[in-house]
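Chemist: Pasting a structure below so you can have a look.
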Amino acid sequence: MSRDVQTAMGFESSWYYATAKDLHDYPALEDRISVDVCVIGAGYTGLSAALELAERGFSVVVLEAHRLGSGASGRNGGVLGMGQRQGQDVLEAWLGRDAARQLWEIGVEANALVRQRIARFDIDCDLKDGELHVAHRARYESEYWAYADLLADSYGYSACRKVSREEVADMLGNDTYYGGYVDGNAGHLHPLNLALGLGRACRLLGVHIFEHSAALGLQAGDRVEVRTARGRVEAQRVVVACNGYLDRLEPSLAAYQMPINNFVLATEPLGADRARQINRDDLAVVDSRFVVNYFHMTPDHRLIFGGGENYSPRFPRDLKSFVRRHMLAVYPDLADVVIDHAWGGTLAITLKRLPHFGRRGESVFWAQGYSGHGIAMGNMGGKLIAEAITGTTERFDLIARLPHRRFPGGRWLRWPALVAGMLYYAALDRI
Ligand SMILES: Cc1cc2nc3c(=O)[nH]c(=O)nc-3n(C[C@H](O)[C@H](O)[C@H](O)COP(=O)(O)OP(=O)(O)OC[C@H]3O[C@@H](n4cnc5c(N)ncnc54)[C@H](O)[C@@H]3O)c2cc1C
C-alpha cells in the first residue's frame, strides 16, 4: 500500500474530523495558472508559508493531494510544545551555546506564533495552557527537574514548575508515573480546527487552495513548473511542505527523513468528575518513553490518548485495541470505557530529531522532519520559508545548516536496519 492510499485512510475516522469546524471544500486544479509561489502540501508548514507570503503581497497557490489538514496536521496529538524536540542540554552539547540559544528562541517564538494566529484569526480550537512532562522511570525524574532548572537558570525561562511523584499521582489519579514538571506556556489544542482556521485565514488573504490536486513532478527552468493530473502551475518559487507524506515527489529530501505512523484514540465522554479525577488540571501530559505516550481531555470530557507507532506503510488493522493497550498501561481503571474513535497519521523524523530545512538555488524551498514537534515548528517553518523568500535568510539558514545525515542505505535498503533500531528502543520502554 502506498503512502498515498494511507493518506486518505484515518483522516475521517478521527474525533477531530467528527468535531471539525469550518470544513470547506476546495476545488481541484483543472487549469494552467501562473503565480509567484506554489506551495505543495496543505498542513501547517504549507499553510503558514502561504499565509505569510500572501501578507507580503505574493500571489500564492497551495496544492493539496487530498484534503486541507488531512496529513499529520489534522490528526496529531494536539500537544503545543515549547522549544525544540531535542532538549537544550543536548543542543548545547551538539551545536554550542549560541546556536542552541537561537534554536530555543525560535522554538519559543513558534509557540507564540500559534497563539497569535489563534487570536488574530479567531480560530476556535480549544487551546488550553499547560503541559506536564512525566517520568516513566525513577531516574528520569531528577533529569526532568534538572532540565527545568537549566531552562530557568540559563534561558531565563521560568514557566516550568517541578512536581513530585505524589503530586503527579494526585493530578492523574494513579501512581503510574514518577515526578516531572509542568510547562505553563505549552498546552493542547484541536489540531484539525487549527489547520482549518489557517486555511480560512489563507482564503481571506487571497491564497488559492486546490484539494485533490497532487503535485506529480517539478520541472525547473526560468520558472518552476508543477504538474498535477489535470493542471499545471508555473511559479517563480516552490515550497515543498509534504513532511511524512512526501513519498516519491522529491527523493533528495526523502533521504533525510523517515516516515513513521503514530496512533491516537478518543474515548466516550467520561463526565466532568471522572475527567477531573484522571487529569485534575486539564493539562497535556507527555511521558518519557522512547515511543511517547501523550494525552489530554477534550471540552466534552473525552480522553484523547496517543500511544504506539509502527514503521510500515500499513496501519494496524484494529486500531482501537492497538492504542487501548497503551492507554490501559497508564490508566488501568479505564477498562470499562468505550473507545469511540481511533486513527493514525504519518510524521517525518530525522536521524537527530531536528528539523530539516533547505533550498535548491533560489527556487525550491522545504521544511520537514519536525520529529513529533510540528504544531509549533511547522507553523514556524512556514514563516521562516517566507522570511527566506523575501530576503531575510538568517534564521532559515541557521536551521538549514544543522548537521543532518541521510538515512543510510537508500530508499529500500534503509528500512530493515532502521526499523530494527526503532523496535529495539521501543522494546526498552517495556522492560
Ligand atoms: C499521530 C500523530 C501525533 C502527533 N502529535 C503531535 C503533537 O502532539 N504535537 C506536535 O507538535 N506534533 C505532533 N505530531 C507531528 C505534527 O503533526 C507534524 O509535525 C506536523 O503536522 C507537520 O506539518 P506539515 O504541514 O509539515 O505536514 P502534514 O500536516 O503532514 O502535511 C503535508 C501535506 O502534504 C500533502 N502532500 C503530500 N504529497 C503531496 C503532493 N505530491 N502534492 C500535494 N500535496 C501533497 C499531504 O496530503 C499533507 O496534507 C504528530 C503527528 C502524528 C502523525
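The values are calculated or read from the model by the stated rules, or taken from the named source; none is laboratory data. A quick note: this is a predicted structure, and the numbers were derived from the prediction, not measured. Side chains included, ligands, DNA and RNA excluded: accessible areas come from the protein's heavy atoms. Shrake-Rupley method; radii C 1.70, N 1.55, O 1.52, S 1.80 Å.
Chemist: Mind checking Rg over Rh on the stretch 274-315, alpha carbons, Kirkwood formula for Rh?
Modeler: Here the Rg-to-Rh quotient is 1.09.
Chemist: Restricting to the chain, compute how many DSSP beta bridges are antiparallel as a %, nearest 5.
Modeler: For the chain, the DSSP antiparallel bridge percentage is about 65.
Chemist: Percent of accessible area on the stretch 249-379 owned by carbon and sulfur, 1.4 Å probe?
Modeler: Looking at the stretch 249-379 in its full context, I get 53 percent from C and S.
Chemist: Quick one: compute a quarter of the convex hull surface over the Cα atoms of the stretch 241-299 and quote it in nm².
Modeler: Its Cα hull, projected and averaged over all orientations, spans 6.1 nm².
Chemist: If each Cα of the stretch 1-119 is one equal point scatterer, what is log10 of I(q)/I(0) from the Debye formula at q = 0.12 Å⁻¹?
Modeler: Relative scattering, expressed as log10 I(q)/I(0), comes to -0.63.
Chemist: Could you tell me the largest-minus-smallest coordinate of the C-alpha atoms of the stretch 96-145 on each of the three principal axes, in descending order and whole angstroms?
Modeler: Principal axes ranked by extent give 43, 30, 11 Å for the Cα atoms.
Chemist: Give me the orientation-averaged projected area of the Cα convex hull of the chain, in nm², one decimal.
Modeler: Here the figure is 19.1 nm², rounded to one decimal.
Chemist: Residues of the chain: accessible area per residue at 1.4 Å, in Å²?
Modeler: 40
Chemist: Can you tell me what percent of all Cα-Cα pairs in the stretch 288-405 are more than 24 Å apart?
Modeler: That fraction is 44 percent.
Chemist: Compute the relative contact order of the stretch 107-232 as a whole-number percentage, counting only Cα pairs closer than 8 Å that sit 6 or more residues apart in sequence.
Modeler: The value is 27 percent.
Chemist: Now for a different question. Considering only protein heavy atoms and a probe of 1.4 Å, how much of the accessible area of the stretch 1-150 is carbon and sulfur, as a whole percent?
Modeler: Exposed carbon and sulfur together represent 48 percent of the surface.
Chemist: While we're here: Over the stretch 182-336, with a single point scatterer placed on each C-alpha, what log10 of the ratio I(q)/I(0) does the Debye formula yield at q = 0.10, 0.20 1/Å?
Modeler: Scattering profile of the stretch 182-336, log10 relative to I(0): -0.56, -1.29.
Chemist: Translational diffusion coefficient of the stretch 107-187 at 4 °C, 1.567 mPa s, Stokes-Einstein with Kirkwood Rh over Cα pairs, in µm²/s as a whole number. If you can, show how the numbers build up before the last one.
Modeler: Values: Rh = 13.9 Å.
Once the numbers are plugged in, D ends up at 93 µm²/s.
Chemist: Further question: Evaluated at 10 °C with a viscosity of 1.306 mPa s, what Stokes-Einstein diffusion coefficient in µm²/s does the stretch 38-197 have when Rh comes from the Kirkwood expression over alpha-carbon pairs?
Modeler: Approximately 90 µm²/s, per Stokes-Einstein.
Chemist: What translational D, rounded to a whole number of µm²/s, comes out for the stretch 146-263 from Stokes-Einstein when the hydrodynamic radius is the Kirkwood one over Cα pairs, at 4 °C and 1.567 mPa s?
Modeler: Once the numbers are plugged in, D ends up at 67 µm²/s.
Chemist: Determine the calculated [θ] at 222 nm for the chain from helices alone, applying -39500 (n - 2.57) to every DSSP H run no shorter than 4 residues and normalising by the residue count; nearest 500 deg cm²/dmol.
Modeler: Numbers: 14 runs with 161 residues, N = 431.
Here the helix-only value at 222 nm equals -11500 deg cm²/dmol.
Chemist: To the nearest 10 Å², what's ASP281's accessible area with a 1.4 Å probe?
Modeler: Approximately 70 Å² of ASP281 is accessible to the 1.4 Å probe.
Chemist: In whole Å, how far is the Cα centre of the stretch 104-141 from that of the stretch 234-294?
Modeler: Here the two parts' Cα centres lie 14 Å apart.
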